[in-house]
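The structure appears right after this line, and notes come after that.
The values are calculated or read from the model by the stated rules, or taken from the named source; none is laboratory data. What you are looking at is a predicted structure, and each value in this text was computed from that prediction instead of being measured. Positions of Cβ are backbone-derived with ideal geometry, glycine not excepted, and every protein chain shown enters the neighbour counts.
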Amino acid sequence: MTLNQQRKLKTLITGLFAWLVALLLFFPIFWMFITSFKTELQAISVPPSLFFEPTLDNFKVVQDRSDYLLHAMNSVITSFGSTIIALIIAVPAAYSMAFFPGKRTKDILLWMLSTKMLPAVGVLVPIYILFRNNGLLDSRIGLIIIFTLMNLPIIIWMLFSYFKDLPKEILEAARMDGASPWGEVVKVVLPLSVGGIASTGLLSIILCWNEAFWSLNLTASNAAPLTAMIASYSSPEGLFWAKLSAASTLACAPIIVFGWFCQKQLVQGLTFGAVK
Amino acid sequence: MKRSITRLLMAPSVIMLLVWMIVPLSMTIYFSTIRYNLLYPGQNNFVGLMNFEFFITDPGFITAVANTLILLLSALIITVVLGVMLSALIDKPFFGRGIVRVLLISPFFIMPTVNALIWKNMMMNPVYGIFAWISQSLGLQPIDWLGTYPLMSVIIMVSWQWLPFAILVFVTALQSQDTEQKEAAQMDGATGWHIFRYLTIPHLARPIAVVVMIETIFLLAVFAEIFVSTGGGPGYASTNLAYLIYNQALLQYDVGVASAGGLFAVLLANIVAFFLIRAVGKNLTV
């Protein structure tokens with residue numbers, strides 16, 4: 001065998017092995033997807049059925065059984081709502097820290113990061129009681145408040161690193177041309193960082209959408225987002241695997257697609273810029 | 001721009017985070033020193049450290065601390081070791097690498113409650129699950145995973161979720177590895193193992209440290225997976241600190257003891273956070 005052939009063989013084996021591992025790890029998701037098109041009987045058949053006539057009934061029943069659309073709406077409103085609010089609060093802060101850093105900017109950034117380190121369970125009790133006393137339990141507004149605060153540090157960090165990478169010359173040129181600070185932001189900074197702001201928002205939406213601790217503890221029936229609604233399928237009242245799969249597939253599909261699009265931002269955001 | 005304006009721009013963020021940090025935490029500290037049970041309102045006298053004593057002598061406490069640490073260490077080892085190996089594996093080009101990468105990272109985007117239910121039902125169910133079917137096909141007795149190995153089951157679910165995160169970070173980090181250096185080593189006759197051991201691993205040292213610390217923050221607080229799959233049981237077999245505190249607060253309504261537990265969890269997380277913030281801070285240029 002020549003060296004070239006040897007190298008090709010090696011690539012082939014590496015590739016096959018990587019595919020095998022990837023398919024194994026992806027299998028539970030694939031299986032959830034497949035099961036969502038089965039009847040309940042097919043879903044629990046042993047040996048597992050791989051070939052069957054797909055049905056869309058589950059998706060209909062899920063709506064009737066647990067008012068899927070209401071919970072999907074809750075997920076959309078809480079994750080988009082809190083992301084938009086957090087962005088509005090974070091953009092000015094990140095902007096001022098990136099373009100007009102002071103002596104204590106670094107300390108402030110690290111302090112903001114440290115608020116993320118507080119385990120949720122450490123403040124579960126007071127938040128629960130505050131929510132109960134103020135009628136925020138099982139409300140979308142309550143969840144939006146929590147999600148906004150939860151993601152604010154990550155959002156500020158990501159925006160800060162985007163703003164910092166903007167070419168300073170352009171800003172100076174704009175200032176020379178007599179742009180006001182406000183005009184500078186609206187006409188130069190924002191258009192240049194639209195991509196960064198969008199992917200920051202996307203990451204925040206993913207984190208809110210999949211948030212489970214606060215959703216499970218602070219909501220019941222009215223404001224429960226999909227994470228909490230799906231948890232209700234864990235009750236042993238019967239085998240609803242096909243319906244559970246249908247509900248889960250609908251809940252996870254958009255986020256998986258979002259996630260594929262913003263892998264880089266995800267790494268940067270979740271590691272606070274430590275890995276680029 | 002004037003300092004006052006920059007301060008004004010930062011004020012909303014800083015004030016909100018300050019309130020978010022101080023108010024609930026001081027309430028937790030206050031609650032932890034008084035008798036406070038939602039079932040017996042109006043008897044909120046000061047009890048000193050009694051709540052801490054109650055929490056620490058709770059029959060589930062030792063088990064919960066042990067479970068928290070076992071879960072943390074197992075999941076860390078699984079995700080970091082497999083993560084390094086898999087990211088090195090997909091670092092070189094091969095057919096369909098993009099798709100493999102997408103498949104590998106997908107579990108990270110599955111919400112924790114769905115994760116737990118997929119594994120609990122479709123994988124680990126002792127009668128209808130895939131694992132049971134595999135056991136039977138091999139002529140073995142199917143295992144009741146959640147009943148017999150509850151903690152291990154939770155570890156599997158959590159690792160499945162966080163392995164993609166490790167892969168994602170390591171793959172990103174490997175992209176910045178010096179290819180010329182690798183090629184030079186290859187020219188000099190270094191084997192793949194040598195390159196992995198002496199070039200890749202040292203290059204990944206920092207990302208590994210970061211992954212360990214970030215996963216630690218999340219793994220110390222695993223909740224939804226336990227809530228949905230085992231409910232902390234059987235007994236306390238799969239109860240961790242977060243679940244024990246939840247149990248005290250929202251199932252037994254003992255706010256005082258739960259607050260004491262919450263402070264214990266905060267202390268534990270702070271030890272980790274201290275190192276994480278130092279590591280991240282080093283990298284931060286303002």
Just a yes or no: is a residue in segment A:204-214 of a type in the set (A, V, I, L, M), part of a loop (DSSP other than H, G, I, E, B), closer than 22 Å to B:Trp162 by Cα and free of Cβ contacts under 8 Å to residues at least 40 places away in the same chain? yes
Taking segment B:231-260 as the search range and keeping residues that are within 16 Å of the chain's Cα centre (by Cα) and in a loop (DSSP other than H, G, I, E, B), which one is nearest to the other protein chains (Cβ to nearest Cβ)? B:Asn240
Does B:Leu82 satisfy the condition of being under 20 Å from the mean Cα position of the chain (by Cα) and at negative phi? yes
Screening A:Thr14, A:Thr115, A:Thr35 for residues that are surrounded by fewer than 21 Cβ atoms within 10 Å (Cβ to Cβ), under 30 Å from B:Leu82 (Cβ atoms), at the interface with another protein chain (Cβ under 10 Å from one of its Cβ atoms) and of a type in the set (Val, Ile, Thr) leaves only A:Thr14
Among the residues in segment A:207-224, are any more than 22 Å from A:Val76 (Cα to Cα) and surrounded by fewer than 17 Cβ atoms within 10 Å (Cβ to Cβ)? no
Can you name the number of the only condition in (1) farther than 25 Å from B:Ile156 by Cβ; (2) surrounded by fewer than 17 Cβ atoms within 10 Å (Cβ to Cβ) that B:Leu17 fails? (2)
Does B:Leu263 meet the test of being touching a Gly at 6+ places or on another chain (Cβ under 9 Å), facing chain A (nearest Cβ under 9 Å) and either not in a loop (DSSP other than H, G, I, E, B) or not hydroxyl-bearing (Ser, Thr, Tyr) (or both)? yes
Answer from B:Ile22, B:Ile29, B:Ile5 - the residue that is assigned to a helix (DSSP H, G or I), at pLDDT below 85 and more than 7 Å from chain A (Cβ to nearest Cβ): B:Ile5
Name the residue that is nearest to the chain's Cα centre (by Cα), counting only residues in segment A:98-112 that are touching a residue at least 24 places away in the same chain (Cβ under 8 Å) and at the interface with chain B (Cβ under 7 Å from one of its Cβ atoms). A:Met112
The residue from B:Asn51, B:Asn44 that alone is more than 24 Å from the chain's Cα centre (by Cα), over 30 Å from A:Leu12 (Cβ atoms), modelled with pLDDT under 85 and crowded, with 19+ Cβ neighbours inside 10 Å is B:Asn51
So B:Tyr149 ticks every box in (1) more than 11 Å from every other protein chain (Cβ to nearest Cβ); (2) crowded, with 17+ Cβ neighbours inside 10 Å but one. Which box is left unticked? (2)
Among the residues of segment B:97-115, the number that are more than 7 Å from chain A (Cβ to nearest Cβ) and more than 16 Å from B:Gln161 (Cα to Cα) is 3
Out of segment A:169-185, which residues are assigned to a helix (DSSP H, G or I) and within 14 Å of another protein chain (Cβ to nearest Cβ)? A:Leu171, A:Glu172, A:Ala174, A:Arg175, A:Pro181, A:Trp182, A:Gly183, A:Glu184, A:Val185
Could you check how many residues of segment A:49-62 are surrounded by 15 or more Cβ atoms within 10 Å (Cβ to Cβ) and without any contact (Cβ under 8 Å) to a residue 12 or more places away in the chain? 1
Pick from B:Val210, B:Val280: which is of a type outside the set (S, T, N, Q) and at pLDDT below 80? B:Val280
Specify which of the listed residues (A:Phe272, A:Phe258) is within 8 Å of another protein chain (Cβ to nearest Cβ), within 17 Å of the chain's Cα centre (by Cα), farther than 28 Å from B:Tyr246 by Cα and in a loop (DSSP other than H, G, I, E, B). A:Phe272
Condition check for B:Ile167: under 29 Å from A:Val121 (Cβ atoms), surrounded by fewer than 23 Cβ atoms within 10 Å (Cβ to Cβ), within 11 Å of chain A (Cβ to nearest Cβ) and in contact with a helix residue (DSSP H, G or I) (Cβ under 7 Å, 6 or more places away or on another chain): no
Taking only segment A:91-123 into account, find how many residues are assigned to a helix (DSSP H, G or I) and either under 23 Å from A:Glu172 (Cα atoms) or not assigned by TED's automatic domain parsing to the domain that holds A:Asp165 (or both). 10
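Each row is one residue, and each column tells you yes or no for (1) closer than 20 Å to B:Pro107 by Cα; (2) at pLDDT 75 or above; (3) among the β-branched types (Val, Ile, Thr).
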position: A:Ala224; (1), (2), (3): no, yes, no
position: A:Pro236; (1), (2), (3): no, no, no
position: A:Ala242; (1), (2), (3): yes, yes, no
position: A:Ile255; (1), (2), (3): yes, yes, yes
position: A:Phe261; (1), (2), (3): yes, yes, no
position: A:Lys264; (1), (2), (3): yes, yes, no
position: A:Gly269; (1), (2), (3): yes, yes, no
position: A:Lys276; (1), (2), (3): no, no, no
List the number of the failed condition for A:Ala120; all other conditions in (1) more than 7 Å from chain B (Cβ to nearest Cβ); (2) touching a Phe, Trp or Tyr at 6+ places or on another chain (Cβ under 9 Å); (3) more than 21 Å from A:Ala198 (Cα to Cα) hold. (1)
